[in-house]
1. So, P336, is that one away from ligand 2 (no atom under 16 Å from the Cβ), under 29 Å from A89 (Cβ atoms) and either touching a helix residue (DSSP H, G or I) at 6+ places or on another chain (Cβ under 6 Å) or open to solvent by less than 70 Å² (accessible area, probe 1.4 Å) (or both) or not?
2. Spot the failing condition for K267; the list is (1) in the same structural domain as S233 (by the TED database); (2) over 14 Å from K227 (Cα atoms); (3) open to solvent by less than 50 Å² (accessible area, probe 1.4 Å), and only one is missed.
3. What pairs come out if I take residues in segment 238-249 that are closer than 19 Å to A284 by Cα and in a loop (DSSP other than H, G, I, E, B) and pair them with residues that are more than 7 Å from ligand 2 (Cβ to nearest atom) and of a type in the set (K, R) whose C-beta lies under 9 Å away, six or more apart or interchain?
4. Given the structure, is S257 open to solvent by less than 30 Å² (accessible area, probe 1.4 Å) and polar (S, T, N, Q)?
5. Among the residues of segment 104-127, write down those that are touching a strand residue (DSSP E or B) at 6+ places or on another chain (Cβ under 6 Å) and open to solvent by less than 10 Å² (accessible area, probe 1.4 Å).
6. Within segment 283-304, which residues are within 16 Å of ligand 1 (Cβ to nearest atom) and either among the hydroxyl-bearing types (S, T, Y) or more than 18 Å from the chain's Cα centre (by Cα) (or both)?
7. Scan segment 229-250 residue by residue and report those that are more than 7 Å from ligand 2 (Cβ to nearest atom) and among the hydrophobic types (A, V, I, L, M, F, W, C).
Amino acid sequence: MRRSATMDGGNISNPAPLVYIFSALYKSSMRFLLYHLIAAFVLGTHACHAFTPLQQSARRITTLHAMDDDTFIMVNGLPGPMATAAAEACLRKGLKLAPVAMTGPDVEPSTISVFDTVTGKKQDVKLIPSKETEKLQASIAGLKTSGNLLAIDYTHPSAVNSNAQFYVKEKIPFVMGTTGGDRDQLMKDVQGHFCVIAPNMGKQIVAMQAALEDLATKFPGAFDGYKLSVTESHQKTKADTSGTAKAVIESIEKLASDDNFTIEDIKMIRDDDEAVAFGVPPDAIKGHAFHTYTLTSADGSVSFQLQHNVAGRTIYAEGTADAVKFLSKQIHSGEPRVFNMIDVLEKGAME
Ligand SMILES: NC(=O)C1=CN([C@@H]2O[C@H](COP(=O)(O)OP(=O)(O)OC[C@H]3O[C@@H](n4cnc5c(N)ncnc54)[C@H](OP(=O)(O)O)[C@@H]3O)[C@@H](O)[C@H]2O)C=CC1
Ligand SMILES: O=C(O)C1=N[C@H](C(=O)O)C[C@H](O)C1
């Protein structure tokens, strides 16, 4: 199915609610249940209005260090929903889009308009199928010589490795948000190249991932013996298992080595009715990422749950534009290297 640049993109009227809850359930011999909330940070609710934070973000850019006038961002994966949301966020945050982008291998070449409703900014982008390598090279040659060209990749798991190889070959710094592919090969291929690679660009989710890593470093094996179960729900067009879930599980496994758990044990929901039963708001069916991780003690008397539930795509799009700005600064001042989003967050580069 072909999509227009505005369909299913960043302007879903829902906000990006994120609930980050740790809870502990203790069962006493008197059959009384005592729910002990260890920590609950309610970071967003379904009652918020999407445009308020977006308008704030657009206003904030006026006070931020602007990027070079001759820096262009090539957003690959247009007119897909995540690439569209990221391109709109770039416009909102004062970045300039390259007038060309790589699209699906079988898409007819065409030109689309990216439009940010908050700032009213618009950019036409010519889409070139990824298999037309020479045409792509010719179309970016001018941009590379007249200034800086950076890429954002929100394409398809099957394109992760070949696209990364293309960026390295063409010496294009890039932010890779696309999940899946051969991740070990990806990391080998991009060593010594300026890039940010992460399965999740949402600031608060990245902070949660950093906190889990810290917890695992401070208290390794604190949950040993506990059994892990994971359920994630996404829009039914999603091609792969959640990359975020895979990354979060890596951290959880440092806290609770459940040898029996494999990535295949992640329960994936890709069915609309099941998603609603899992708590997804009906108006977020076409763009959501709900995750629940449960750790249960061997005798079943204690359980912990961690959730991060996102409706829409704005949270990732905003983080992606922040990552591009971060990378652009690194190019001017740092050594080429591979960053993740925790690096970006730790450097204070996420608004
Ligand atoms: N890091 C993060 O924070 C986030 C990551 N993601 C990830 O981003 C990726 C994209 O998500 P989403 O937009 O929902 O996916 P979709 O599959 O809905 O859209 C992907 C788009 O990329 C196009 N495409 C396919 N292959 C290529 C290629 N080789 N080169 C350029 N474009 C290509 C597709 O074209 P066609 O339709 O013709 O195949 C389509 O337009 C997924 O891997 C997802 O997991 C998503 C949200 C947040
Ligand atoms: O495909 C999506 O939508 C998302 N993909 C990323 C992932 O696989 O982790 C991030 C988020 O879950 C949304």
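1. Criteria met by P336.
2. Going through the list (1) in the same structural domain as S233 (by the TED database); (2) over 14 Å from K227 (Cα atoms); (3) open to solvent by less than 50 Å² (accessible area, probe 1.4 Å), K267 breaks only (3).
3. What qualifies is K238/R270.
4. No; evaluated as a whole, the condition is false for this residue.
5. Listed by number, the residues that qualify are V114, V125, L127.
6. Scanning segment 283-304 gives no hits.
7. Matches in segment 229-250: V230, A239, A247, V248, I249.
The values are calculated or read from the model by the stated rules, or taken from the named source; none is laboratory data. In this text, all values refer to a predicted model and were calculated from it rather than measured experimentally. Note that each Cβ is placed from the backbone with ideal geometry, even for glycine, and that neighbours are counted across all protein chains shown. With ligands, DNA and RNA removed, areas are computed over all heavy atoms of the protein, side chains included. Shrake-Rupley method; radii C 1.70, N 1.55, O 1.52, S 1.80 Å.
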